[in-house]
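The values are calculated or read from the model by the stated rules, or taken from the named source; none is laboratory data. A quick note: this is a predicted structure, and the numbers were derived from the prediction, not measured. Cβ placement follows ideal geometry from the backbone for every residue including glycine, while neighbour counts extend to all protein chains displayed. Accessible surface areas use protein heavy atoms only, side chains included; no ligands, DNA or RNA. Shrake-Rupley method; radii C 1.70, N 1.55, O 1.52, S 1.80 Å.
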Amino acid sequence: MQWEVEALEPAELQRLVLAAVDRDVLARQVAREDAQRRALAAFLNGWEAAGE
């Protein structure tokens with residue numbers, strides 16, 4: 001099946017994507033990305049402190 005993504009309402013696009021994605025895999029990926037954001041923020045905070 002093929003759709004013009006631009007023609008879909010955002011809520012419908014989200015519903016289709018979430019229906020096709022394994023929720024456990026998605027949750028693990030979101031957690032990994034969150035950990036990476038925290039690590040990057042900690043690095044940047046250390047970098048700023050070193051420059052003071």
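So which of Glu48, Glu6, Glu12 is open to solvent by less than 70 Å² (accessible area, probe 1.4 Å), in a helix (DSSP H, G or I) and out of contact with any Cys (no Cβ under 6 Å at 6 or more places or on another chain)?
On inspection, the qualifying residue turns out to be Glu12.
Can you pull out the residues in the stretch 15-36 that are surrounded by 11 or more Cβ atoms within 10 Å (Cβ to Cβ) and outside any helix (DSSP H, G or I)?
Across the stretch 15-36, the qualifying residue is only Val21.
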